[in-house]
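Novice: First the structure, which I've put down as structure tokens, then a few questions once you've had a look.
Nothing in this text is a laboratory measurement; each read-out follows from the coordinates by a stated rule. Quick caveat: nothing in here was measured; it's all calculated off a predicted structure. Because the Cβ atoms are built from the backbone with ideal geometry, glycine has one as well, and the counts that use them run over all protein chains shown.
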Amino acid sequence: MFKYKDYIFGSSLHIGLILFFGLVIAVLTQIPFAPPLILHPLFMTLFIILITEGVALLQPTSTEKEKKKGLKLHALVQGFAYVFLIVGFGIMVNSKMQRGGPHFASDHAKFGLTVFIYIFFQALFGITTAYFPGIFGSVTKGKSLWKFHRMTGYLFLVIVWVTAQLGIRTDLMKNFMPVPNLMAGHWVALVLVVIGIAGRVRIYKWGLVPNPHQHASQQDSSAILQYHEQQTVNTNETK
Ligand code: HEM
């Protein structure tokens, strides 16, 4: 049942992302060649597509094997996305420095700066909970914090897409849209992406409802394991 739904929502997401990419490229082909004006939107669009796909690919994982494979791919895709962000961000900030333009003046630029700072902490927390969970006191404790990386990840995705919407509505992008009515296409793309991501969310992974894939006995045993681990930590602390 999940697989069938995932396919439908996944298709919605991919069509939305392709439409978003196509609309940006349609504008970029119209802009007289000036590297920062072309490269910033291009790199940022690639960043947005990768970061969204990097979230989507982890959504349906449920077995240990799927989760392990998903985590590897997630780390790789988000790593590439981060590189695109650094390059695209650097190009625009550098261009503003050369031109002596004001920094982080528009709403788009302010949100962009927020994205740039946020991703650092998001990645740091994700890497430590996934690869060095022991830092948080115990491996179980570290792994249990992963759900917060998941929640803050969705918030991050919202901020990224708000930044993207402001970016595609900057004067430059609006003025060079070949057919002004095509701007409406960005709403269609956004709706498709939101439906695609929202439709594949597993609320149980946020720890708010029980995991439907796990038997009650398994849930009991993991709770017991967690309890014993906590007891051991407490005993060691009081020694
Ligand atoms: C989440 C992705 C994005 C981030 C983090 C981001 C970040 C930024 C930042 C920080 C600036 C201003 C730099 C400064 O003031 O020194 C800027 C400017 C600009 N960005 Fe983006 N951007 C993103 C996506 C986009 C997209 C998708 C487009 C268009 C398709 C775009 C188009 C522009 C344009 C035209 C400017 C110059 C006008 C302005 O400063 O408002 N950006 N961006």
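Novice: Quick one: among Leu208, Leu145, Leu42, which has the greatest mean-square fluctuation in a GNM of the chain with alpha-carbon springs under 10 angstrom?
Specialist: Looking only at Leu208, Leu145, Leu42, the biggest GNM fluctuation is shown by Leu208.
Novice: So for Trp187, Trp146, fewest C-beta neighbours within 10 Å to most, what's the order?
Specialist: Trp187, Trp146
Novice: Would you kindly derive the ³J(HN,Hα) couplings of region 170-176 from the backbone phi angles with the Karplus curve 6.51 cos²θ - 1.76 cosθ + 1.60 (θ = phi - 60°), listing them in order in whole Hz, with x for Gly and Pro?
Specialist: Those phi angles translate into 5, 3, 4, 5, 5, 5, 9 Hz.
Novice: Still on this model: Compute a Gaussian network model of the chain, connecting alpha carbons closer than 10 Å, and tell me which residue from Leu182, Leu50, Leu17 fluctuates the most.
Specialist: Leu182
Novice: Which net charge results for the neighbourhood of Met183, defined as the other residues with beta-carbon distances under 14 angstrom from its beta-carbon, given Lys and Arg at +1 and Asp and Glu at -1?
Specialist: Numbers: positive: Arg169, Lys174; negative: Asp171.
Net of charged neighbours comes to +1.
Novice: Step through the table entries Lys5/Lys69; Lys5/Lys65; Lys69/Lys110, compare each Cα-Cα distance with 31 Å, and write down the pairs that go over it.
Specialist: Numbers: Lys5/Lys69 21 Å; Lys5/Lys65 21 Å; Lys69/Lys110 35 Å.
Too far apart for the 31 Å limit: Lys69/Lys110.
Novice: Once a ≥ b ≥ c are taken as the square roots of the eigenvalues of the Cα gyration tensor of region 80-122, is the result rounded (a/c under 1.5), prolate (a/b larger than b/c) or oblate (a/b not larger than b/c)?
Specialist: Values: a/c = 3.00, a/b = 1.47, b/c = 2.04.
It is oblate, given that a/c is not under 1.5 and a/b is not larger than b/c.
Novice: All other residues with a Cβ under 15 Å from the Cβ of Lys5 taken together, and with Lys, Arg as +1 and Asp, Glu as -1, what is their net charge? Can you show the working numbers first?
Specialist: Numbers: positive: Lys3, Arg200, Arg202; negative: Asp6.
Counting the neighbours of Lys5, the net charge comes to +2.
Novice: Please give the length that would be gained between Thr63 and Val162 if that part of the chain were fully extended, namely 0.36 nm times their separation in residues minus their C-alpha to C-alpha distance (nm, one decimal).
Specialist: Details: separation 99, 0.36 × 99 = 35.64 nm, distance 3.29 nm.
32.3 nm is the gain from fully extending Thr63 to Val162.
Novice: Follow-up question, since we're still on this one. Can you work out ³J(HN,Hα) from phi for every residue in region 96-113, in order, using Karplus 6.51 cos²θ - 1.76 cosθ + 1.60 and θ = phi - 60°, giving whole Hz and x for Gly and Pro?
Specialist: Each residue of region 96-113 in turn: 5, 5, 4, 7, x, x, x, 8, 6, 8, 7, 4, 4, 5, 5, 5, x, 5 Hz.
Novice: Would you calculate a helix-derived [θ] at 222 nm for the chain, using -39,500 (n - 2.57) for each DSSP H run of n ≥ 4 and dividing by the full residue count, to the nearest 500?
Specialist: Values: 9 runs with 184 residues, N = 239.
Using -39500 (n - 2.57) per qualifying helix, the result is -26500 deg cm²/dmol.
Novice: Going down the list Lys72/Lys147; Lys72/Lys96; Lys3/Lys141; Lys3/Lys143, which pairs span over 28 Å between their C-alpha atoms? Walk me through the numbers before you get to the answer.
Specialist: Details: Lys72/Lys147 17 Å; Lys72/Lys96 37 Å; Lys3/Lys141 30 Å; Lys3/Lys143 26 Å.
Over 28 Å apart, Cα to Cα: Lys72/Lys96; Lys3/Lys141.
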